[in-house]
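The values are calculated or read from the model by the stated rules, or taken from the named source; none is laboratory data. Just so we're clear, the structure is a prediction, and the values are computed from it rather than from any experiment. Heads up, the Cβs are rebuilt from the backbone with ideal geometry, glycines too, and the neighbour counts pull from every protein chain shown. Each accessible area value is taken on the protein alone, full model and side chains, heavy atoms only, with ligands, DNA and RNA left out. Shrake-Rupley method; radii C 1.70, N 1.55, O 1.52, S 1.80 Å.
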Amino acid sequence: MNIGITCYPTYGGSGIVATELGLELATRGHEVHFITYSNPIRLDPDVPRIHYHEVEVSNYPLFQYPPYCLALASRMLDVAESYDLDLLHVHYAIPHSISAMLAQQMMAPKRRLPFITTLHGTDITLVGADPSYFPITKFSIEKSDGVTSISEDLRKHTAEVFGVSNEIRVITNFINCDLYHPDHEKAGALAYAPKGEKLLIHVSNFRPVKRVLDCIRILAEVRKHTPAHLLMVGDGPDRGAAEHLVRQLKLTPHVSFLGKQNHVERLIPLAHVLLMPSEMESFGLVALEAMACGVAPVATYVGGVPELIINGENGFMEPVGDIAAQAARATELLTDDALHQRITAAGRQRALDVFCSERIIPQYERYYNQVLAR
Ligand code: GMT
C-alpha cells in the first residue's frame, strides 16, 4: 500500500505513535509518506520505503495566523497525486483530519482518497472539548472514512461527548519490544546517581495535565525512607515551576533535568520506577515503554491507564494528586527487591503478550483494507 501519514512531528505521544507506525509499516513492505511541517523526531529517513514531504507554510503580512491547515491540505493532495497514495492516515484530529478532508474533496473529481483519523487523547479531551474547536472536531470525526482510538476509554469518551454515530475502532498503542528492553545491570545509572541511589524517572511534555510537580513532591517523600535520584526527561511549560520546587525543597543534588531526549529507550531502562502522576492519560504510552523496559510504573487511575496496567500485578495506580500513596508505592518498589522483580517481570510480559508491534500493526493493516474496500 502507499500510505500518507500526518502527525505532530514534535515531542508528544501522538507523533511518536505515528512515527513508529510508519516505520513498522515500511518494514512490512508498505511505502510510507510522512507529510508534516518538520521531520518527525523519531523518524529515521534512511529506512527503506520511508519518505518525508515537508509542508511549507508561506507567510504574508496580512496573515496574523498563517493557514497551516490549508498548506497541509495542498501538500496532501500533491503527494497523493504524485505517489498514488491509497489513503491518508492522520494522527490527532485537529487540524489534520480537516486538511485530509479538503485533500479528499480536491481529489474527488479524479478518484477516491479515503482518510483515517486516529484519536490520541488531548485532541478529544482538552482541545476538541474547547467550545472553539468542538463543532469542527465533531465534524472531522463524522467525515473521516475510518476513525481509530488508542484506548477503549477514549472511544467511549468520544462517543459520549461528541455524540458521533460512526464506528470508532480501538487499536491500542504499541511498542517495539526489541528496541525497548530491560537493562538488568543498570550500569549507566551511575552517571546520574554515583552513590548507587536507585533512579526514578519521569518522561513527558511537562504540560499541566502531566502534573510534573507531583514527581518532585513524590521524590521528597521517597527520600525520607530510601536514597533515590529523579530523572526528569522532557521539556514544556511546567519545567520552570518544577525546577523552582526542586530548589525550594532543597532537592537540587537529587534531580537531573535532562530536557528533550531522542533516545528514551536508552534512559528508561536505567530506572527502577517510572512516575506518571497525570491528571489524564488516554493511554499513557510512556508507562508501556517503561513496562517493556522492566521498569515499574507508578501511575494514576485515569482514562485508559487501567487498560494497560493491572494494579498490583504489573504496576500501581493511585488517585490523582495523592502524593503520599504514590510515594508509598515507589518506596515499596525501591526497597523490596522481590516485589520489584515480580512487578517488572509481569510488566515486560504484558508488553510482550498484548502490546508488541507484531500484534498491533496487523490490526492497522486490516483496518486499512476494510476502509479501502468500502
Ligand atoms: O500527553 C500529551 O499531552 C501528548 C499527547 C499527544 O497526542 O501527543 O498524548 C496523548 O497521546 C498519547 C499517544 O497515543 C497517549 O499515550 C497519551 O495518553 C495521550 N495524552 C493524554 O491523553 C493526556
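For region 158-189, list residues with backbone N below 15 Å from a point placed 7 Å from the Cα of residue 44 toward its Cβ? Within reach of a label on residue 44: 176-181. Computed over the chain, relative contact order equals 13 percent, with contacts defined as Cα pairs under 8 Å that lie 6+ residues apart.
Computed from Cα atoms, the angle from the helix 96-107 axis to the main principal axis of the chain rounds to 20 degrees. Listed by chain and number, the lysines whose alpha-carbon sits under 16 Å from that of residue 250, ignoring those within fewer than 8 places in the same chain, are 224. The C-alpha atoms of region 1-77 occupy a region whose extents along the principal axes are 45, 25, 18 Å, arranged from largest to smallest.
So with the 1.4 Å probe, I'd like the accessible area per residue for region 330-374, rounded to whole Å².
Ligands and nucleic acids excluded, the result is 48 Å² per residue.
Net length available on complete extension from residue 365 to residue 71 is 103.0 nm, with 0.36 nm assigned per residue and the Cα-Cα distance removed.
Just the Cα atoms of region 1-138, one point each, no solvent: what log10 I(q)/I(0) does Debye give at q = 0.09 Å⁻¹? These q points yield log10 I(q)/I(0) values of -0.25. Here the label points at residue 338 and residue 37, each 7 Å from Cα along the C-beta direction, are separated by 5.5 nm in the simple model. Split the accessible area of the chain by element, probe 1.4 Å, and carbon with sulfur accounts for 52%. Once both labels are positioned 7 Å from their Cα atoms along Cα-to-Cβ, the gap between residue 349 and residue 56 label points is 5.5 nm. For the chain, the longest principal axis of the C-alpha atoms and the axis of helix 357-373 are separated by about 20°. Across region 140-150, computed HN-Hα scalar couplings (Karplus, 6.51 cos²θ - 1.76 cosθ + 1.60, θ = phi - 60°) run 5, 5, 5, 7, 5, 6, x, 10, 10, 10, 7 Hz from first to last residue, x flagging Gly and Pro. Note that region 97-173 shows a convex hull volume over its alpha carbon atoms of 85 Å³ per residue. Given R₀ = 30 Å, FRET efficiency for residue 185-residue 249 by Cβ-Cβ distance, to 0.05? In this case the efficiency is close to 0.45. Within region 135-151, whose backbone N sits under 17 Å from a point 7 Å along Cα→Cβ of residue 374? It comes to 138-150, nothing else. Using C-alpha pairs below 8 Å separated by at least 6 residues, the relative contact order for region 215-374 is 21 percent. Counted residue by residue at 0.36 nm each, then reduced by the alpha carbon distance between them, the extension gain from residue 257 to residue 132 reaches 41.5 nm.
Solvent-accessible area per residue in region 12-82 equals 49 Å², computed with a 1.4 angstrom probe and all protein chains kept. Restricting region 1-69 to GluC sites (Glu not before Pro) that sit in a DSSP loop and have at most 12 other Cβ atoms within 10 Å of their own Cβ leaves 56.
For the chain, taking a cut-off of 4.7 Å between Cβ atoms, the unpaired cysteines are 7, 69, 215, 293. Dipole of the chain computed with +1 at Lys/Arg Cβ and -1 at Asp/Glu Cβ about the Cα centre; of 8, 227, 132, farthest Cα towards the positive end is 227. Of the trypsin sites (Lys or Arg not before Pro) found in region 137-241, those that fall in a DSSP loop while having at most 15 other beta-carbon atoms within 10 Å are 195, 224.
Summing charges over neighbours of residue 313, with a neighbour being any other residue whose Cβ is under 11 Å away from its Cβ, gives +2 when K and R count +1 and D and E count -1. Note: region 212-257, Cα convex hull, 57 Å³ per residue. A helix-only calculation puts the chain at -11500 deg cm²/dmol for mean residue ellipticity at 222 nm, using -39500 (n - 2.57) for each DSSP H run of at least four residues, averaged over all residues. Working from the Cα coordinates of the chain, the gyration tensor eigenvalues give, after taking √(5λ), semi-axes of 38, 21, 19 Å in decreasing order. Taking square-rooted eigenvalues a ≥ b ≥ c of the alpha carbon gyration tensor, is region 280-374 rounded, prolate or oblate, where a/c under 1.5 means rounded and, failing that, a/b exceeding b/c means prolate? Note, shape of region 280-374 comes out oblate.
Once you wrap a convex hull around the alpha carbon atoms of region 197-310, what is its projected area averaged over all directions, in nm²?
6.5
Consider a paramagnetic label point 7 Å from the Cα of residue 84 along Cα→Cβ; state which residues of region 23-45 have an amide N under 16 Å from it. Output list for this probe position: 30-33. Values of log10 I(q)/I(0) for region 77-135 across q = 0.14, 0.18, 0.20 Å⁻¹ run -0.43, -0.63, -0.73, by the Debye formula with one identical scatterer at each alpha carbon and no solvent. With respect to the chain, whose longest principal axis is taken over its alpha-carbon atoms, helix 68-82 is tilted by about 60°.
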